[in-house]
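First comes the structure, then the notes that go with it.
The values are calculated or read from the model by the stated rules, or taken from the named source; none is laboratory data. All values derive from a computational prediction rather than experimental measurement. Virtual Cβ from ideal backbone geometry, glycine too; neighbours counted across all protein chains shown. What goes into the accessible areas is simple: the full protein's heavy atoms, side chains included, and nothing from ligands, DNA or RNA. Shrake-Rupley method; radii C 1.70, N 1.55, O 1.52, S 1.80 Å.
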Amino acid sequence: MDGFDPIPDSLVLLIFNFVSDVKTLIRCRVVSKRFNSLVSQADSLLLKVDCVIPPESSDADSLSFIRSILKNLHKLVSHKPHSTRTHRSLLNSPAQILRGFQEIRDLEIELPSGDLKLEKNAAVKWRAEFGKTLRSCVIFGFRELRSSPPSHIPADFSEVGFAGGLKLRVVWTISALVAASARHHLLREVVKKHKQLERLVLRDKDGEGTVVMDKDGLREFREDPAELQDSDDLSVVIGGEGGQGQGQGMWERKLGGRTPVPSVRLRMRHVLKLEVEGGAWMGGATLVIVKPTSSSWMDDGAQAQQQTMEGDVEDEEEKDAELALEAFGGGVYEEAVRALVNTRGYLLEMNSF
């Protein structure tokens, strides 16, 4: 008698949902006919990816717009060639890997690393929400983090002039938006194949960036026929022992795959030197809230912009604070964000790209 025989199916399924890891669950399917049947009903999954293989060519198509603005952006966001080469016959799409799971409602996909290539000591984190296109993006970054006695600014903190600092913050913002739009583009096939999905998250192991699609966003995405065309912009190399069906592996990105970023409004806050708990100082701490430009703002031009700023600025700032704290709640990042949302913000606009 098997030790699981007395356990009801509902409890076994609860255990599978708690395990969630696709690689482990695929292995469980070969244990017994019962497990094979129940694993396919798991509705909360985590798919880990071992390695992302960049295009053999440069990212020129997707980054040409940005390089026309800033020469050094390519250095920040381009991928270094990976030495791994895999035979095409082993490639499968994420939807194919997940085809044995029929009831997925909550799916998280984890990439092995972030996308941004930053200067030494700098850090940028972002969280973007999508429907068929960008709904919002919160970006937090700093140039360096130093320790010092409380209320004593480190003497060797590097100074960056206003122009240089603004340029760097714009680089961070555009880099994060490019990374977010590229990740969103990669999710098209998964959304198409799994219509029961209510929450979809694509993040990286480094904790750099997260793309989130909630129930409303997924419904909006599915209602746009253009978004549901077949996509071959990425594939997964099955990993594990012998490379046979272990549900884990590598994604290969191909050229040109990115969801267009709509015209957006940026609210940027910046503190040259910010003290946080434990005697740490952040240099160039920056918080950027990105939202699509409203249709009324677009139609009425500067007059509507002025009315929005005068009549709804307080409400907008409260919403921005909630959005930022939701993205970076907890620990030193929450402390820094709370300090930044109480500082003066600067409004900028960016055309779609």
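Tabulated data
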| read-out | value |
| --- | --- |
| The range 248-262, residues that are at pLDDT 90 or above and either over 19 Å from the mean Cα position of the chain (by Cα) or among the hydrophobic types (A, V, I, L, M, F, W, C) (or both) | 261 |
| Hey, residue 204 of a type in the set (D, E, K, R) and open to solvent by less than 10 Å² (accessible area, probe 1.4 Å) or not | yes |
| Some residue of the range 2-9 being modelled with pLDDT under 75 and either surrounded by fewer than 17 Cβ atoms within 10 Å (Cβ to Cβ) or assigned to a loop (DSSP other than H, G, I, E, B) (or both) | yes |
| Pairs where the first residue, in the range 333-353, is open to solvent by 50 Å² or more (accessible area, probe 1.4 Å) and the second is of a type in the set (Lys, Arg), C-beta under 6 Å, 6+ apart | 347/267; 349/265 |
| Hey, residue 212 of a type in the set (Val, Ile, Thr) and either assigned to a helix (DSSP H, G or I) or at pLDDT below 90 (or both) or not | no |
